[in-house]
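Each remark here refers to the structure printed beneath this line.
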Amino acid sequence: MNLEDDISNIPENEIHFKIILIIDDILYVLKSITTILKEEGYFVLTAKSGQEALGLLNKYSPDLVTIDMKLPDISGLQLLEKINKLELKKKPKIIFISANYDKDEIQNILKQNVSNYLLKPFKKSKLIEVVKELIGNP
């Protein structure tokens with residue numbers, strides 16, 4: 001039995017840690033963000049596709065989700081639309097992480113229930129600052 005199996009059986013009011021879902025198809029980015037947030041004490045789940053992410057969202061109701069703009073099976077915006085339609089126990093805070101510097105597109109994304117937008121490459125300290133601002137300490 002792994003830790004993911006363990007937390008799915010814990011009643012939500014007894015979970016005393018913050019869950020973050022990282023969605024990115026580039027392995028080194030996924031590992032980098034995961035390492036940074038685990039070092040801060042957050043419980044981190046990862047997904048490499050939109051479909052995998054939707055399954056984890058339904059199962060774990062994370063406090064925060066980071067979404068890459070380009071995924072192998074769906075765009076970050078399409079995934080965001082699907083997340084917004086889910087009937088989750090709680091709506092997660094959303095951070096888009098992308099190398100897209102188009103100001104109009106960033107403004108459009110921020111109008112769609114997105115809490116923050118980080119440009120790649122980002123500083124470790126900025127990621128930690130934004131996460132703590134959105135969901136608090138682990």
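Any residue that is of a type outside the set (Asp, Glu), assigned to a helix (DSSP H, G or I) and touching a residue at least 60 places away in the same chain (Cβ under 8 Å) - is there at least one of those in the stretch 36-49? The answer is yes; a qualifying residue exists.
Yes/no matrix, rows are residues, columns are (1) in contact with a Lys or Arg (Cβ under 7 Å, 6 or more places away or on another chain); (2) surrounded by fewer than 16 Cβ atoms within 10 Å (Cβ to Cβ):
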{"site": "ASP73", "(1), (2)": "no, yes"}
{"site": "LEU88", "(1), (2)": "no, yes"}
{"site": "ILE95", "(1), (2)": "no, no"}
{"site": "SER98", "(1), (2)": "yes, no"}
{"site": "ASP104", "(1), (2)": "no, yes"}
{"site": "ILE109", "(1), (2)": "no, no"}
{"site": "LYS120", "(1), (2)": "no, yes"}
{"site": "LYS132", "(1), (2)": "no, yes"}
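Of the helices (runs of 4 or more DSSP H) lying entirely inside the stretch 57-138, those containing at least 3 residues that are under 20 Å from GLU40 (Cβ atoms) and of a type in the set (A, V, I, L, M, F, W, C) are 124-135.
Based on what the data block shows, is LYS59 of a type in the set (Lys, Arg), closer than 17 Å to PHE17 by Cα and surrounded by 15 or more Cβ atoms within 10 Å (Cβ to Cβ)? Outline the logic, then answer.
Details: of a type in the set (Lys, Arg): yes; closer than 17 Å to PHE17 by Cα: yes; surrounded by 15 or more Cβ atoms within 10 Å (Cβ to Cβ): no.
No.
Confirm whether SER115 is out of contact with any helix residue (DSSP H, G or I) (no Cβ under 6 Å at 6 or more places or on another chain) and either surrounded by 13 or more Cβ atoms within 10 Å (Cβ to Cβ) or under 26 Å from LYS59 (Cβ atoms) (or both). Considered against the rule, which asks whether it is out of contact with any helix residue (DSSP H, G or I) (no Cβ under 6 Å at 6 or more places or on another chain) and either surrounded by 13 or more Cβ atoms within 10 Å (Cβ to Cβ) or under 26 Å from LYS59 (Cβ atoms) (or both), SER115 comes out as no. With respect to the conditions (1) over 20 Å from LYS38 (Cα atoms); (2) surrounded by 15 or more Cβ atoms within 10 Å (Cβ to Cβ); (3) not β-branched (Val, Ile, Thr), LEU127 lacks only one, and its number is (1).
The numbers here are math on the coordinates, done by the rules we state, and not lab data. Quick caveat: nothing in here was measured; it's all calculated off a predicted structure. Because the Cβ atoms are built from the backbone with ideal geometry, glycine has one as well, and the counts that use them run over all protein chains shown.
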